[in-house]
Amino acid sequence: MVRVPLTDEERSRGERLGLVLRAARASRSMVDVAAEAGISVETLRKIETGRIPTPAFFTVAAIADAVGMPLDRLRVACDGDPAAFSQAS
């Protein structure tokens, strides 16, 4: 199976997702959040840095739950400016 390359918008959306999740994690360590979400620290790091721009839904849901962010709020934050989200949190 050949995977279709991601568009610039898809990559940008993945970077926004990572920034929003990083801001929501705040001062908590990656180790703590990854353990609570049931994922590896490396997976969390890659999502936060945009290296995994299209993570699985259940992975995103687990991270959002671990940082106490409802999915609807996460979606709204990713649609806007993540810098504004991190300042307002």
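Laboratory data are not the source of any read-out in this text; all were calculated from the coordinates shown. Only a predicted model underlies this, so the values are computations on that prediction, with no experimental measurement involved. Cβ placement follows ideal geometry from the backbone for every residue including glycine, while neighbour counts extend to all protein chains displayed.
In region 1-25, what residues are among the hydrophobic types (A, V, I, L, M, F, W, C) and surrounded by 11 or more Cβ atoms within 10 Å (Cβ to Cβ)? Answer for region 1-25, where residues must be among the hydrophobic types (A, V, I, L, M, F, W, C) and surrounded by 11 or more Cβ atoms within 10 Å (Cβ to Cβ): 6, 17, 19, 20, 21, 23, 24. The set of residues in region 41-50 being surrounded by 14 or more Cβ atoms within 10 Å (Cβ to Cβ) and either farther than 19 Å from residue 10 by Cβ or without any contact (Cβ under 8 Å) to a residue 12 or more places away in the chain (or both) consists of 41, 44, 45, 46. Looking across region 1-48, the residues that are in a loop (DSSP other than H, G, I, E, B) and either in contact with a Cys (Cβ under 9 Å, 6 or more places away or on another chain) or closer than 19 Å to residue 65 by Cα (or both) come down to 26, 27, 28, 29, 38, 39, 40.
Residue count for region 51-80 under the criterion of being more than 20 Å from residue 10 (Cβ to Cβ), in contact with a helix residue (DSSP H, G or I) (Cβ under 8 Å, 6 or more places away or on another chain) and part of a helix (DSSP H, G or I): the result is 3. Say we look at region 53-69 and pick out the residues that are among the aliphatic types (A, V, I, L, M) and more than 9 Å from the chain's Cα centre (by Cα); which of these is surrounded by the fewest Cβ atoms within 10 Å (Cβ to Cβ)? Filtering region 53-69 for residues that are among the aliphatic types (A, V, I, L, M) and more than 9 Å from the chain's Cα centre (by Cα), the one surrounded by the fewest Cβ atoms within 10 Å (Cβ to Cβ) comes out as 56.
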